[in-house]
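**Q** One structure, as structure tokens, below. Some questions next.
The values are calculated or read from the model by the stated rules, or taken from the named source; none is laboratory data. Keep in mind it's a predicted model, so treat the numbers as computed, not measured. Note that we place each Cβ from the backbone using ideal geometry, even for glycine, and neighbour counts take in every protein chain shown. Each accessible area value is taken on the protein alone, full model and side chains, heavy atoms only, with ligands, DNA and RNA left out. Shrake-Rupley method; radii C 1.70, N 1.55, O 1.52, S 1.80 Å.
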Amino acid sequence: MLNIIPSPTMTTTADFIQVQGLCKSFEGQVLYDDFDLTLPQGQIISIFGPNGCGKSTLINLMSGLIPMDRGQITIAGKPLRRSRIGYVFQNYRETLFPWISALDNIAYPLRVQGVPPKERQRRVEQLLARFDIKLDLRRYPYQFSGGQQQLIAILRAVVAEPDVLFLDEPFSALDFEMTLYIREKLQEVHMESHLTTIVVSHDLEDAVYLADSILLLSKRPTRLVQQVSFALARPRTPETIVDPEFVRVKSQCLEIFREEMRR
Ligand SMILES: Nc1ncnc2c1ncn2[C@@H]1O[C@H](COP(=O)(O)OP(=O)(O)OP(=O)(O)O)[C@@H](O)[C@H]1O
Ligand SMILES: [Mg+2]
């Protein structure tokens with residue numbers, strides 16, 4: 001039998017994302033001080049915590065959008081600059097390019113990579129077919145509903161097959177019907193691709209609904225209060241919110257959150 005000794009950079013699926021000794025302050029205000037986190041591959045992980053505790057900052061750091069003051073973050077044992085990241089910004093309306101079609105918006109990361117136009121179109125059409133999504137790709141962003149625009153932003157984030165998909169408050173600007181639609185599509189993308197997905201949410205129901213686990217963050221300086229598992233089988237459906245296991249996990253998170261707010 002082969003005896004493989006793991007090298008320091010070798011990761012398993014359990015420690016796919018590793019954050020070690022993370023420090024980050026803004027204008028002298030400490031947000032993260034020696035913060036550690038290990039996240040597995042292939043799951044949907046929600047990040048939940050009080051306003052201003054640093055949820056967006058954490059995914060901005062983990063995706064390499066903003067620099068750390070100190071620490072180390074790796075994805076699959078690789079430094080961030082060698083990882084492929086998909087990111088859906090909170091204000092999705094402002095991040096789609098209004099002057100180009102849905103096709104060109106979704107294909108934008110491929111264009112940056114130098115993929116020729118015909119191949120870009122083929123890959124976008126293939127992506128839509130794979131997730132059973134019907135969109136008129138010739139239309140411009142303003143011609144779509146909010147939910148469809150959010151879907152375009154998600155497709156743009158996954159078209160280049162990232163190692164990790166980050167979403168900052170993906171449901172916050174959507175009405176309930178659109179929230180259901182985007183939840184369903186995100187879940188389909190995940191069930192089909194097993195893409196490691198990190199979702200920030202300030203809504204506890206949204207945070208629990210799609211998650212395999214929920215990270216509960218404290219007030220600043222930010223600590224990981226607890227990581228709560230939610231193992232209910234997929235697909236989760238609108239009825240999930242009355243499932244006893246969903247209700248139990250949501251109550252557990254709420255209790256931990258309340259306890260933390262009392263400190
Ligand atoms: N670029 C920046 N410059 C200065 N301060 C910042 C910057 N980015 C974030 N902060 C501060 O860091 C703290 C955490 O911000 P962050 O946006 O990460 O919180 P959040 O948990 O996402 O909050 P929310 O729930 O409001 O989205 C806040 O006090 C914020 O004002
Ligand atoms: Mg935020």
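**Q** Scan (1) open to solvent by 80 Å² or more (accessible area, probe 1.4 Å); (2) farther than 30 Å from Gly146 by Cβ; (3) charged (D, E, K, R) for the single condition Lys78 breaks and write down its number.
**A** Result: Lys78 passes all but (1).
**Q** Same structure, new question: Please determine whether any residue of the range 205-216 is open to solvent by less than 60 Å² (accessible area, probe 1.4 Å), over 20 Å from Val88 (Cβ atoms) and within 14 Å of ligand 1 (Cβ to nearest atom).
**A** yes
**Q** Got a number for residues in the range 46-82 being within 16 Å of ligand 2 (Cβ to nearest atom) and of a type in the set (A, V, I, L, M, F, W, C)?
**A** Matching residues across the range 46-82 total 9.
**Q** Taking the conditions exactly as written (at pLDDT 95 or above and in contact with a Lys or Arg (Cβ under 7 Å, 6 or more places away or on another chain)), does Ser56 satisfy them or not?
**A** Here the answer is no, as Ser56 does not meet what is asked.
**Q** So, one more: In the range 121-139, what count of residues is obtained for those that are outside any loop (DSSP other than H, G, I, E, B) and acidic (Asp, Glu)?
**A** Result for the range 121-139: 1.
**Q** Hey, Ala211 hits all of (1) among the hydrophobic types (A, V, I, L, M, F, W, C); (2) farther than 24 Å from Tyr32 by Cβ; (3) in contact (Cβ under 8 Å) with a residue 60 or more places away in the chain; (4) away from ligand 2 (no atom under 16 Å from the Cβ) but one; which does it fall short on?
**A** (2) is the only condition that Ala211 fails.
**Q** A further question on this structure: Restricting to the range 140-176, name every residue that is under 27 Å from Gly42 (Cβ atoms), part of a loop (DSSP other than H, G, I, E, B) and hydrophobic (A, V, I, L, M, F, W, C).
**A** Within the range 140-176, Val159, Ala160, Phe171, Leu174 meet the criteria.
**Q** Taking the residues in the range 217-239 that are more than 26 Å from Asn51 (Cβ to Cβ) and surrounded by 14 or more Cβ atoms within 10 Å (Cβ to Cβ) as candidates, determine which candidate is farthest from the chain's Cα centre (by Cα).
**A** Residue satisfying both the conditions and the ranking: Leu232.
**Q** So which of Asp34, Asp15 is of a type in the set (D, E, K, R), modelled with pLDDT under 95 and open to solvent by 20 Å² or more (accessible area, probe 1.4 Å)?
**A** Sole residue among the options that is of a type in the set (D, E, K, R), modelled with pLDDT under 95 and open to solvent by 20 Å² or more (accessible area, probe 1.4 Å): Asp15.
**Q** Identify the single condition in (1) touching a Ser or Thr at 6+ places or on another chain (Cβ under 6 Å); (2) surrounded by fewer than 14 Cβ atoms within 10 Å (Cβ to Cβ) that Asp163 does not satisfy, given that it satisfies every other one.
**A** (2)
**Q** Picking from Cys23, Cys53, which residue would you name as being within 14 Å of ligand 1 (Cβ to nearest atom), of a type in the set (A, V, I, L, M, F, W, C) and either under 25 Å from Ala207 (Cβ atoms) or buried (at least 17 other Cβ atoms within 10 Å of the Cβ) (or both)?
**A** Cys53
**Q** Please work out which one of (1) within 14 Å of ligand 1 (Cβ to nearest atom); (2) free of Cβ contacts under 8 Å to residues at least 60 places away in the same chain; (3) polar (S, T, N, Q) is the condition Ser193 fails and give its number.
**A** Status for Ser193: all satisfied but (1).
**Q** Here is a further query. Out of the residues in the range 81-131 that are of a type in the set (Phe, Trp, Tyr), surrounded by 13 or more Cβ atoms within 10 Å (Cβ to Cβ) and at pLDDT 95 or above, state the one that is nearest to ligand 1 (Cβ to nearest atom).
**A** Only one residue fits best here, namely Tyr87.
**Q** State yes or no: is Pro67 more than 23 Å from Ala211 (Cβ to Cβ), open to solvent by 60 Å² or more (accessible area, probe 1.4 Å) and within 12 Å of ligand 1 (Cβ to nearest atom)?
**A** Here the answer is yes, as Pro67 does meet what is asked.
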